[in-house]
Amino acid sequence: MDLGISGRRAAVAAASGGLGLASARALAQAGARVAVCGRDPERLDAAVTGLRATGADVVGLRADVSHPDGARAFVAAASDALGGLDILVPNAGGPPAGGFDDMDVDAYRAALELNLLSTVAMCREAVPPMRSAGWGRVVAITSISVRQPIEGLILSNTARAGVTGFLKTLALEVAADGVTVNTVQPGLHATDRLVSLHGGDTSRAARSVPAGVVGRPEDFGAVVAFLCSDQARFVTGASVPVDGGAHRGLQ
């Protein structure tokens, strides 16, 4: 299926591994030119080398998107490298685990910088030129915890709910300008981190998933790429769970 984004310019944050890398790969396979970033130069170089081996037109940028200044700088650098941006995929790692009794107020501030304010900063840099051009896609990677809070992850649950509210509001404000804004909410996927946590055997994690397996990163990336497509022009303000049925609520 031709997604209609060949030659489009995409910035994918925190894409040296995991679901960010899978999203970058899916966009590249659809013909987009992609800028990816990471903090670890070795992991970033390995990701770029792997993408280029598939024929991807990709540039790697060392950046730390865990705070607003670094997030804004990544988008600016990606725009410079690609000659502008049509697609933005905000993404970042998660804050430390813990519950209410474990976290003081400063921990919440850091979590909000990581998972909320960094996304706001990326959008502030990327969205105005998209509006001027009359075409743009923002697809943020959040978490299924926005719908169903995960025990022991109070910081992530709080910050990712905030970014979902921000992006839903942004979607309403820019819809008439040809810019769509959506979020994708992953459940358990076979990323390097999940595999390492389970000693290479994800069967135990899969028992909590109605589909009976953990997700493949490439399937998640395909959903991100579709939401960036021309065919998805009428999908905006949506929060799409990609979790094998793990979220059991009606909404």
(message) Restricting to segment 159-183, and then to whatever is within 19 Å of P241 (Cβ to Cβ) and hydroxyl-bearing (S, T, Y), can you tell me which residue is surrounded by the most Cβ atoms within 10 Å (Cβ to Cβ)?
(response) T183
(request) Among residues belonging to segment 104-148 that are in contact (Cβ under 8 Å) with a residue 24 or more places away in the chain and basic (K, R), point out the one that is surrounded by the most Cβ atoms within 10 Å (Cβ to Cβ). (result) R137
(request) Working only within segment 216-251, note down all residues that are over 19 Å from G136 (Cβ atoms) and out of contact with any helix residue (DSSP H, G or I) (no Cβ under 9 Å at 6 or more places or on another chain). (result) G245, R248, G249, L250, Q251
(request) Name, by its number, the condition in (1) farther than 27 Å from D40 by Cα; (2) crowded, with 18+ Cβ neighbours inside 10 Å; (3) more than 16 Å from the chain's Cα centre (by Cα) that does not hold for L153. (result) (1)
(message) Just the residues that are over 18 Å from N115 (Cβ atoms) and hydroxyl-bearing (S, T, Y), please, taken from segment 59-100.
(response) S79
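If you go through segment 208-243 one residue at a time, how many are part of a loop (DSSP other than H, G, I, E, B), modelled with pLDDT of 80 or more and among the small types (G, A, S)?
Start the filter on segment 208-243 by keeping residues that are part of a loop (DSSP other than H, G, I, E, B), which leaves 208-214, 216, 228-238, 243.
Narrowing the set further to residues that are modelled with pLDDT of 80 or more leaves 216, 228-238, 243.
In the following step, the residues that additionally are among the small types (G, A, S) were identified as 229, 232, 237-238.
Total satisfying the criteria: 4.
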(message) Just the residues that are among the hydrophobic types (A, V, I, L, M, F, W, C) and surrounded by 24 or more Cβ atoms within 10 Å (Cβ to Cβ), please, taken from segment 20-43.
(response) L21, A22, A24, A26, L27, A32, V34, A35, V36, C37
(request) Read through the list (1) buried (at least 24 other Cβ atoms within 10 Å of the Cβ); (2) without any contact (Cβ under 8 Å) to a residue 60 or more places away in the chain; (3) aromatic (F, W, Y), then give the number of the only condition that F74 fails. (result) (2)
(message) For segment 154-204, which positions are under 18 Å from D219 (Cα atoms), in a helix (DSSP H, G or I) and either modelled with pLDDT of 75 or more or not β-branched (V, I, T) (or both)?
(response) D192, R193, L194
(request) Would you tally the residues in segment 205-227 being touching a residue at least 60 places away in the same chain (Cβ under 8 Å) and not acidic (D, E)? (result) 8
(request) Taking D64 as the residue in question, decide whether it is in contact with a Gly (Cβ under 8 Å, 6 or more places away or on another chain), touching a residue at least 60 places away in the same chain (Cβ under 8 Å) and not hydrophobic (A, V, I, L, M, F, W, C). (result) no
(message) I want to confirm something. Restricting to segment 225-251 and keeping residues that are among the hydrophobic types (A, V, I, L, M, F, W, C) and more than 18 Å from the chain's Cα centre (by Cα), which single residue is surrounded by the fewest Cβ atoms within 10 Å (Cβ to Cβ)?
(response) L250
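The values are calculated or read from the model by the stated rules, or taken from the named source; none is laboratory data. Note that the structure is a prediction, hence the values are computed from the model and not measured. Virtual Cβ from ideal backbone geometry, glycine too; neighbours counted across all protein chains shown.
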